[in-house]
Amino acid sequence: MRKHIVAGNWKMNKNLQEGVALATELKEILAAEAPNCDVIIGTPFIHLATVSELLKDSCIAVSAENCANHDKGAYTGEVSAEMVKSTGAEYVILGHSERREYYAETPEMLKEKVDLALANGLKVIFCIGESLEQRENNEQEAVCKAELAGSVFHLSAEQWKNIVIAYEPIWAIGTGKTATAEQAEEIHAFIRSCVAEVYGQEVADETSILYGGSCKGSNAPELFGKPDIDGGLIGGASLKAADFKAIIDAWK
Ligand code: PGA
């Protein structure tokens, strides 16, 4: 069966000391009460090495929130997939709507990032999702399918094993507006059917598809109760250990 996953995305929050404190608290909480799902925390680059070392013998995996679309060289300020991997991180979040929108990341650039991440042994949490305007025009399926086709459907079935999809409707991110569990399930099932078209039903059934967008302890049980929702990518509610734990507990 496919993995159930709760992944945090700290975004640009927490200085190094605060991040270490949060990771330490999470580690202790989950050591006392083992989670019933995979747990990942996505942190800014500067935390990766320290937090990876801290969580080495824990059940928590570490993810970057981005990597460069070049393998190395004169790209001042960029961080390569190889560098991310060398910190001990296992995952990288790519294609987040904030990066697409504020840093003009195109499907072609994301495709390069995905290829470099996989070539360097990272697993990818690949984000897709429509804007409010696209949802109002009923374009959510076309948008999600195009985002998959543009950046990840060129992968081989073997490479695909290292891909987790996160469906994040942009209108629900950080807004307090969650997609209803029914709305989310409908599109998750559609996304799984797109994966099946390219890789076959068996691979599609093994693909974890996470929901993201104002997911919290109060709505996670209903969302995760749907057959095609395999967990969550959590922004705001991943910044406090108790809030994040409440979402992890939705799998109990
Ligand atoms: P949110 O963010 O949980 O704060 O809505 C989710 C995300 O952007 O991954």
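The values are calculated or read from the model by the stated rules, or taken from the named source; none is laboratory data. As the structure is a computational prediction, the values presented were derived from the model and not from experiment. Cβ atoms come from the backbone with ideal geometry, glycine included; neighbour counts cover every protein chain shown.
Odds and ends about this structure:
- Selected residue (criterion: surrounded by the most Cβ atoms within 10 Å (Cβ to Cβ)) from residues of region 127-159 that are within 11 Å of Pro107 (Cβ to Cβ) and within 16 Å of the ligand (Cβ to nearest atom): Ile128
- When the criteria are applied in full, Ser208 fails the requirement of being within 12 Å of the ligand (Cβ to nearest atom) and under 21 Å from Ser97 (Cβ atoms).
- Selection of region 6-21 for residues being surrounded by fewer than 23 Cβ atoms within 10 Å (Cβ to Cβ) and not in a loop (DSSP other than H, G, I, E, B) yields Leu16, Gln17, Glu18, Gly19, Val20, Ala21.
- For region 233-242, filtered to residues that are in a helix (DSSP H, G or I) and out of contact with any Cys (no Cβ under 7 Å at 6 or more places or on another chain), the residue that is nearest to the ligand (Cβ to nearest atom) is Gly236.
- Hey, Val198 more than 14 Å from the ligand (Cβ to nearest atom), touching a strand residue (DSSP E or B) at 6+ places or on another chain (Cβ under 6 Å) and at pLDDT 95 or above or not: no
- If the condition is being of a type outside the set (Phe, Trp, Tyr), in contact (Cβ under 8 Å) with a residue 40 or more places away in the chain and either crowded, with 16+ Cβ neighbours inside 10 Å or within 19 Å of Gln134 (Cα to Cα) (or both), then region 183-202 contributes Ala184, Glu185, Ile187, His188, Ile191, Cys194, Val195, Val198.
- Applying a threshold of 7 Å to beta carbon distances and a minimum spacing of six or more residues, or different chains, the list of pairs starting in region 86-114 at a residue that is within 16 Å of the ligand (Cβ to nearest atom) and ending at one that is among the aromatic types (Phe, Trp, Tyr) reads Leu94/Phe126; Gly95/Phe126.
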